[in-house]
Amino acid sequence: MNLYPLQRLRLLFTVLIVLGSSSLLAPPVDAVPMVKDPKGFEGIPWGATFSETADFLLVENSPQIKGYELKQGPPPLGPAKVDSMRFLTYNGEFARVVIRYQGKATHDQIVDYFQSLYGPLDRTPGQIAKGAVQQLNWQGDESEIILTYRSSTDRGIIFFEHRPTALKFSEGLMAPEPDLGGATY
């Protein structure tokens, strides 16, 4: 097919419009849907109240957000040994767990464990399964898991959170400016 330059330009423009409009029609997918939403973490339901007890130690204390750790140290996450596990409440209700770990072998164990519980990974946009920074996400009606692993530092962090509270929780991290009685600086 021998096309003149103007016809080639029109054909290219048409192809780009078709490709662009079809990608606008496809809904963006940011997470793997959870096979079964746990509605909490390791048997503790979202919204549960926490307090300092024989098992839990208060390690973070602000007006809206409080953080607790297990006194005996973090339990394993499935088969994987983790470095830390902090249970966070927002306005007194259990809302998030932050888990830190290190090592590629630990990372692989955690990913396999999550896939066995919450569903296999896929290659949808938002899922980066290989590379210097891996970001994986499982999402249920009430729970969301956001896992980030950096191969350059060989460290990972997991946010296991209550979806309806996540935005409020993040807003709570930004404390309002104190009232200085009209004083300005």
Looking at the range 78-93, which of the residues that are in contact (Cβ under 8 Å) with a residue 60 or more places away in the chain and crowded, with 18+ Cβ neighbours inside 10 Å is nearest to Leu57 (Cα to Cα)? Leu88
Of the residues in the range 65-75, those that are surrounded by fewer than 15 Cβ atoms within 10 Å (Cβ to Cβ) and in contact with a helix residue (DSSP H, G or I) (Cβ under 9 Å, 6 or more places away or on another chain) number 0
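So for the range 164-179 (the condition being outside any strand (DSSP E or B), among the β-branched types (Val, Ile, Thr) and modelled with pLDDT of 95 or more), does at least one residue qualify?
Taking the range 164-179 as the starting set, the residues that turn out to be outside any strand (DSSP E or B) are 164-179.
Still in the running and among the β-branched types (Val, Ile, Thr): 165.
Restricting the remaining residues to those that are modelled with pLDDT of 95 or more gives none.
No, there is no match, as no residue in the range 164-179 is outside any strand (DSSP E or B), among the β-branched types (Val, Ile, Thr) and modelled with pLDDT of 95 or more.
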Complete set of residues in the range 23-61 that are part of a loop (DSSP other than H, G, I, E, B), at pLDDT 90 or above and among the small types (Gly, Ala, Ser): Gly43, Gly47, Ala48
Which condition from (1) assigned to a strand (DSSP E or B); (2) closer than 23 Å to Pro164 by Cβ; (3) at pLDDT below 95 is the one that Gly126 breaks? (1)
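Return the residues of the range 151-163 that are of a type outside the set (S, T, N, Q) and either modelled with pLDDT under 60 or more than 23 Å from Gly67 (Cβ to Cβ) (or both); say none if nothing qualifies.
At the first step, the residues of the range 151-163 found to be of a type outside the set (S, T, N, Q) are 154-163.
Result: Asp154, single match.
The values are calculated or read from the model by the stated rules, or taken from the named source; none is laboratory data. These numbers come from a predicted model, not from an experiment. Note: ideal-geometry Cβ built from the backbone for every residue, glycine included; neighbour counts use all protein chains shown.
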